[in-house]
1. Compare Glu132, Glu165, Glu285 in a GNM of the chain, Cα atoms joined below 10 Å, and give the one with the largest fluctuation.
2. Please arrange Thr60, Thr86 by how many other C-beta atoms lie within 10 Å of their C-beta, fewest to most.
3. Please tell me the relative contact order of the chain in percent, rounded to the nearest whole number, where contacts are Cα pairs under 8 Å and at least six residues apart.
4. Quick one: 3J(HN,Hα) in Hz for the range 139-147, Karplus 6.51/-1.76/1.60 with θ = phi - 60°, rounded, Gly and Pro as x.
5. Could you give log10 I(q)/I(0) at q = 0.17, 0.18, 0.21 Å⁻¹ for the range 137-263, computed by the Debye formula over C-alpha point scatterers of equal weight, without solvent?
6. In a GNM of the chain with a 10 Å cut-off on Cα contacts, which of Ala112, Ala257, Ala229 has the highest mean-square fluctuation?
7. Most fluctuating residue of Arg81, Arg90, Arg274 in a GNM of the chain with Cα springs under 10 Å: which is it?
8. Length gain on complete extension for the stretch Arg177 to Glu63, per 0.36 nm per residue less the alpha carbon to alpha carbon distance?
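Every number here is computed from the coordinates shown, using simple stated rules; none is lab data. As the structure is a computational prediction, the values presented were derived from the model and not from experiment. Note that each Cβ is placed from the backbone with ideal geometry, even for glycine, and that neighbours are counted across all protein chains shown.
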Amino acid sequence: MGLREPVRVATGFDRPNLTFAVLGCRSGAEVSARLVAALEDPRSRPAIVYAGTRAQCEQTARELSATLGVEALAYHAGLPRDRRATVQRRFMDGEVPVVVATNAFGMGVDKADVRSVVHISVPPSLEAWYQEAGRAGRDGRPARALLLAQAKDKGLHVHFIERSELSDAALDRAAERLVGSAQDDRVDVDARELGADQDQVRAIVGHLVRAGVIVPAPAPVDRVRGRIAAPYDGRARAACRTSAADAIKARWRQYRAMWAFVEGDECRRAVVLRHFGDAAAPAAEVPCCDVCAPQAAVGDVAGIEAAAGSAKGRSRGGSAPARRPAGPPVDAGLLDEAIFEVVASARPGVGRTRTVEILRGGRSQVVARNGYDGLPAYGAFSGLRADDLLARVDELLDEGRLVSTGGRFPKLTLGGGR
């Protein structure tokens, strides 16, 4: 169009009628108890509960049916197609008030009157969470998106990211087997023959597609079909390795953004809008979130509806929900040095969130037990929001000035780019 220095503006991500809440849970039993409390009032239903695994879907559906005295049905990709269709139809028709599903439940689901969407495990990204949370309240009436988070979810995220990492040898081996199986440039192979698990095979095929080696064709989940379009040569090998490295970096960025949201103490709505690049001011018509309105956010939908009128009144008056004032200006160089000092000095080593806790002067048992409150940088940035500090730590990770050790409980170390 011949534009000079165009500016991209994203808008329209806000859902003013949704109340967002993130609640930390110490155990699966607490998750179950909070889930029941969230859905026991009939006005909190229809509801979609998103679970992390098929087994969790089945178990949670049984527990909710027994505890709430209503029909709650499981929905996941392991069910026969006709069973999935029946569950979806009955939910859409209002015959079933609660569906417990994996992320397989989504396509074609546009039920306007869903009052609650509850995640009982933390999704892998903010994008995934917000897409699913957005199935609540499409009729414009007050609704709620509730995320019940456990510490073990964080370890599982790390585990799955690390499991998805492919060595060059594994990538080459699978690619060469796939290309070598072609007959008349056509591929139709059992995914298990490629020497990788199903998720890894899916990733490998994606890398080969981006490298122009294969043109995929529809296939069952346990098979790979397509047409070979180019040899797996040095050029393709380099392109696949670059694609694989970029994919892992993207997953770690998603992980950091998701957990900064879960563990942060800033307005949930503001964090989401900023993440998606929406410059519009948050304009909730209901109690905004567990940070801005703690009591309303953890109550039932009836309480949210009762409070919605006053929130709407404030909205019509032209004022956005109150946001915490930003902290005083900070010397970025001093902040970076404080982060490096904590990472270098803390023993035992610390991860992202513990580093931020130390900088903000946290008083947890872990801080006291390990003597972190004796570090020179302890409490040095108590006036900054945790989200802002986490964002700077993540930037240092992206720049290579900090490095994560990986593993189930990743620690920070100093990088070579300092």
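1. The residue with the greatest mean-square fluctuation here is Glu165.
2. Thr86, Thr60
3. That works out to 16 percent.
4. 7, x, 7, x, 8, 9, 10, 10, 10
5. One equal scatterer on each Cα of the range 137-263 leads to -0.87, -0.93, -1.13.
6. Of Ala112, Ala257, Ala229, the most mobile in the Gaussian network model is Ala229.
7. Arg81
8. 36.5 nm
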